[in-house]
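One structure below.
The values are calculated or read from the model by the stated rules, or taken from the named source; none is laboratory data. Quick caveat, the model's predicted, so the values are computed rather than measured. Cβ atoms come from the backbone with ideal geometry, glycine included; neighbour counts cover every protein chain shown. Quick note on the areas: whole protein, heavy atoms, side chains included, nothing else; ligands and nucleic acids left out. Shrake-Rupley method; radii C 1.70, N 1.55, O 1.52, S 1.80 Å.
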Amino acid sequence: DLGESGVGKTAIIKRYLYDQFNEEKSPSDSMHYVEKDLVVKKKKIKLNIWDTIGQEKYRSLSKLFLNETQIVILVYSIDDAKSFQELNYWNDLYKEQLGDEILLGVVGNKYDLYLNQEVSEDEGKEYAAQNNGIFSQLSAKENKIGIDEYILKLVTEYLNRKINRINLKDFEIIDANKKKGIILTNKQIQDLGFN
């Protein structure tokens, strides 16, 4: 996940992984990496999750951890218009490193602070739509189920896109006893994320 310091990137990850929320608001001062196994479409998927540092003095470090990233989640706080405006920086950063083929998520966090909302849901949706992203408003403080559903939605969309990019010319087509099918090698199955 990418975004400004204090938007709740670490809180989202902790809620997703451990169903915990820490009221302390001290910003992360180090990168964190965790793994989580997830079952999608009856297939076991291993998520490799990087929690980046949003503080300006550490921004250049984020570039180092983007290699081989498949899904990027841009996070802003709905009660902080500046964090929303800074999404452009993070969006440009990942595109510069990874190109346009990455699946993008856009999250307006801290929905529990909706009474102080500075960025409307429509603004978040519009930003996501303009950047071909998948949008959600979440609350790491209160909404474990919403976070689980959102991550599952992103991973499912990633797998669907990966499967849709299959070039059938790369696979052996069989016609034994007039039964047609596609044979995938073990490597091709791994490349699709099913192992």
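Being hydrophobic (A, V, I, L, M, F, W, C) and over 15 Å from Ile71 (Cβ atoms) is the filter here; which residues of the range 102-152 pass it?
Listed by number, the residues that qualify are Leu113, Leu115, Val119, Ala129, Leu138, Ala140, Ile145.
Residues being outside any loop (DSSP other than H, G, I, E, B), open to solvent by 30 Å² or more (accessible area, probe 1.4 Å), under 19 Å from Glu121 (Cβ atoms) and not hydrophobic (A, V, I, L, M, F, W, C): count how many of those fall in the range 139-159.
Qualifying residue count for the region: 2.
Considering each residue of the range 156-166, count those that are of a type in the set (A, V, I, L, M) and at pLDDT 90 or above, and give that number.
Matching residues across the range 156-166 total 0.
Just to verify a result, which residue in the range 1-48, among those that are small (Gly, Ala, Ser) and at pLDDT below 80, is least open to solvent (accessible area, probe 1.4 Å)?
Among residues in the range 1-48 that are small (Gly, Ala, Ser) and at pLDDT below 80, the one least open to solvent (accessible area, probe 1.4 Å) is Gly3.
Give me a count of the residues in the range 98-123 that are assigned to a helix (DSSP H, G or I) and open to solvent by 70 Å² or more (accessible area, probe 1.4 Å).
7
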